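The values are calculated or read from the model by the stated rules, or taken from the named source; none is laboratory data. Predicted model only: the values in this text are computed from it and were never measured. Ideal geometry is used to build each Cβ from the backbone, glycine not excepted, and the neighbour counts take in all protein chains shown.
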Amino acid sequence: MRTQDRLSDSNASLRARLEGRNPGEAFLSITTGSSIERIDWGDFWRLVDGFVGSLRDATKPRDLVLIMSMTRIEAIACFFAAICAGRRAAFFPPPSRVQDPLYYRRQQAASMDKIAPDRIITFDPVSRALVEEIGFGHAAFEAAPRGPGDARAALQDFIGRIESDTPALFVQHSSGTTGIKKAVAVSAPMLRGQFESYWRGVIEVMTPHPRIASWLPLYHDMGLVAALVLPTLGGCEMAFIDPFYWVESPQSLFNVIERERANLVWMPNFAFRHYVRIARLLRSRDLSSVEAWINCSEPCRAADADTFEARFADMGVRGDSVIGCYAMAETVFGVSQGVVGARKVLYAAEDQAPGEPVRPGEKAILSSGPPIPDLEIALFTNEARAADDQYGEIGIRAPFLFAGYGGMTAEQSGLRPDGFFMTGDLGAIRDGELFVFGRLKETIIVNGKNIFAGDVEALVAGVEGLKAGRIVAFGVENPGTGSEDLIVVAERGPSARDEASIVSDVTRLINAAFLVSPRAVAVVAERWLVKTTSGKISRAENRAKYLDGLHAEQGHAP
């Protein structure tokens, strides 16, 4: 079947799915503490229609509408209502209870300036006060549904928008490792193409009747697209946990999986490691319903998949059920995904250099799988296409690839004239499957030796006296050598060990693994390190903070 014919068939199938659902069918639940909100398919679209009128009164067509809220049914309904009303919808992170408030305000003020929203929807006084404090009070309003709406009218509005050529149904703000918000407008054709290739071509082939459990925030593509938008198009039941509550109670995910019999879970690599680390604190739950735990990170570490499966085997976690996935906002979501029961691992040398063949070694990377249908992956070195078994920058090309970041040219956005998007990630292809090693910008070059910051952080995580998951490594230019110095900053954990012995262990481990010594190892107080809105340690922000304060203390020349 030709691609165009297949897409036409897909559109008809998509309309039939959405129109054919029973109004009383379970659709969405959200767990926050002891509270569980539930809404069925019909009531959800009635709520959406109630918000459509409110949004049409308060906004203009194509306005960028940010939704700043905890994960709640009203916020999700508002997102879909904005799409129905012909506005560009986007989620924005609400204030976090654990993040440094001064840093949060500075970070979000800069983000708001960059994004320049037309309107900001808030649902609580804390978020409203923050919006006013950072200078966007003029854009804030509290949307309220106009009583029970017409579910069929809202659903028809939504289907019409999905079937259209609308250039921006919603917007994802991709920050990557830079922390600079870059707008990715997701058009209707992009979303339809991603649904056809990733959801129908991969997910439903693997799991014919997906039931989703997710604690992921809605302001990132994994939570928004993989756990909400695509499952909605697919007619799935979803169970969400507010991410702030999940941070306080990781147990909540296991509770929801058992209660809802969920069979698909997406998580970043750090979450798998986190669950193993706190396993002794978790109560046993039946996790046997989960057919695939999808590790969506760059890179996916084989050791973390293995230890997660082994540690929770007694709760029903199956062997080879943790599979790798490579995804990004620039393709809406999916790029490649592994296969349950047939996953592959690549053992490579730590010091791979772009352009050279992948050499065998101790570094174990879990495959991110073959590319999804209609998507092409290639490797590049110095802008020239490289062989699959060489180590190079990953380029992707697909009919649902974005056309460039908002306010930037195609070239500035990393798009080549031949249609490939240069991801900034480094990897290799073996037997048709992609192995992602890490970010190009996270490579630290110490006297000609290439070291991934993530590898250093993973190695150091087990040192007694340090707080696991609160470690960052980065490079600082050394004018004297013309190379970079390796710096490690780590938060102190609950231990009586003295700082000198901790630093000695960290230095010894790094030297043994990478044959280089860090110029400085700084052991800092708890919560010294800065996190991004997605909960990751911000390499760029912590490097800047280190240079501001600890740089001279650690023996560097200014």
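A few remarks follow.
- Sole residue being of a type in the set (Gly, Ala, Ser) and surrounded by 22 or more Cβ atoms within 10 Å (Cβ to Cβ), chosen from Ala151, Ala110, Ala140, Ala89: Ala89
- Region 385-425, subset basic (Lys, Arg) and touching a strand residue (DSSP E or B) at 6+ places or on another chain (Cβ under 6 Å), residue farthest from Pro189 (Cα to Cα): Arg385
- Just one of the numbered conditions (1) modelled with pLDDT of 90 or more; (2) farther than 21 Å from Gly549 by Cα; (3) of a type in the set (D, E, K, R) is not true of Arg497: (1).
- Inter-residue pairs, beta-carbon under 6 Å, first at pLDDT below 75 and in region 532-558, second buried (at least 16 other Cβ atoms within 10 Å of the Cβ), 6+ apart: Thr532/Ser538; Thr533/Pro93; Ser534/His220; Leu550/Ala522; Gln554/Ala520; Gln554/Ala522
- Test set (1) out of contact with any Asp or Glu (no Cβ under 6 Å at 6 or more places or on another chain); (2) closer than 28 Å to Asn450 by Cα; (3) at pLDDT 95 or above - Arg318 fails condition number: (2)
- Residue under evaluation Ile502, criteria (1) in contact (Cβ under 8 Å) with a residue 12 or more places away in the chain; (2) closer than 15 Å to Phe474 by Cα, criterion not met: (2)
- Breaking point among (1) in contact with a Ser or Thr (Cβ under 9 Å, 6 or more places away or on another chain); (2) over 20 Å from Ile30 (Cα atoms), for Leu64: (1)
- Boolean, Glu350 is in the same structural domain as Ala428 (by TED's automatic domain parsing) and touching a residue at least 40 places away in the same chain (Cβ under 8 Å): yes
- Out of Arg259, Arg277, sole residue that is closer than 23 Å to Ala75 by Cβ and basic (Lys, Arg): Arg259
- Residue check for Glu132: within 29 Å of Thr232 (Cα to Cα), surrounded by fewer than 18 Cβ atoms within 10 Å (Cβ to Cβ) and either in contact with a strand residue (DSSP E or B) (Cβ under 8 Å, 6 or more places away or on another chain) or without any contact (Cβ under 8 Å) to a residue 24 or more places away in the chain (or both): no
- Total residues in region 420-439 satisfying the condition of being over 21 Å from Val345 (Cα atoms) and touching a residue at least 60 places away in the same chain (Cβ under 8 Å): the figure is 3.
- Odd one out for Pro417, checked against (1) closer than 30 Å to Ala116 by Cβ; (2) touching a Ser or Thr at 6+ places or on another chain (Cβ under 7 Å); (3) free of Cβ contacts under 8 Å to residues at least 40 places away in the same chain: (2)
- Residues of region 344-353 that are touching an Asp or Glu at 6+ places or on another chain (Cβ under 7 Å) and at pLDDT below 90: Glu350 alone.
- The listed residue being within 26 Å of Lys449 (Cα to Cα), among the β-branched types (Val, Ile, Thr) and in a strand (DSSP E or B), out of Val516, Val503, Val523: Val523
Every residue, every condition in (1) of a type in the set (D, E, K, R); (2) surrounded by 19 or more Cβ atoms within 10 Å (Cβ to Cβ), yes or no:
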site	(1), (2)
Leu191	no, yes
Pro208	no, no
Tyr219	no, yes
Gly234	no, no
Ile241	no, yes
Leu253	no, yes
Arg259	yes, no
Val265	no, yes
Arg277	yes, no
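- For Pro299, the test of being under 25 Å from Asp455 (Cα atoms), in the same structural domain as Ala428 (by TED's automatic domain parsing) and touching a strand residue (DSSP E or B) at 6+ places or on another chain (Cβ under 8 Å) is failed.
Conditions tested, residue by residue: (1) within 22 Å of Val332 (Cα to Cα); (2) of a type in the set (Gly, Ala, Ser); (3) touching a Lys or Arg at 6+ places or on another chain (Cβ under 6 Å); (4) assigned to a loop (DSSP other than H, G, I, E, B).
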| residue | (1), (2), (3), (4) |
| --- | --- |
| Ile212 | yes, no, no, no |
| Met222 | yes, no, no, no |
| Leu230 | yes, no, no, no |
| Met238 | yes, no, no, no |
| Val265 | yes, no, no, no |
| Tyr275 | no, no, no, no |
| Val290 | no, no, no, yes |
| Trp293 | yes, no, no, no |
| Glu298 | yes, no, no, yes |
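- Test: residue in region 416-423 that is under 18 Å from Ser336 (Cβ atoms), among the small types (Gly, Ala, Ser) and in a strand (DSSP E or B): no
- Residue match in region 315-330 (condition: of a type in the set (Gly, Ala, Ser) and assigned to a helix (DSSP H, G or I)): yes
- Just so you know, in region 470-494 the residues that are of a type in the set (A, V, I, L, M) and farther than 18 Å from Ala525 by Cα include one that is modelled with the lowest pLDDT, and it is Val476.
- Highlighted here are the strands (runs of 3 or more DSSP E) found entirely within region 433-486 that include at least 3 residues which are under 24 Å from the mean Cα position of the chain (by Cα): 433-439, 466-478.
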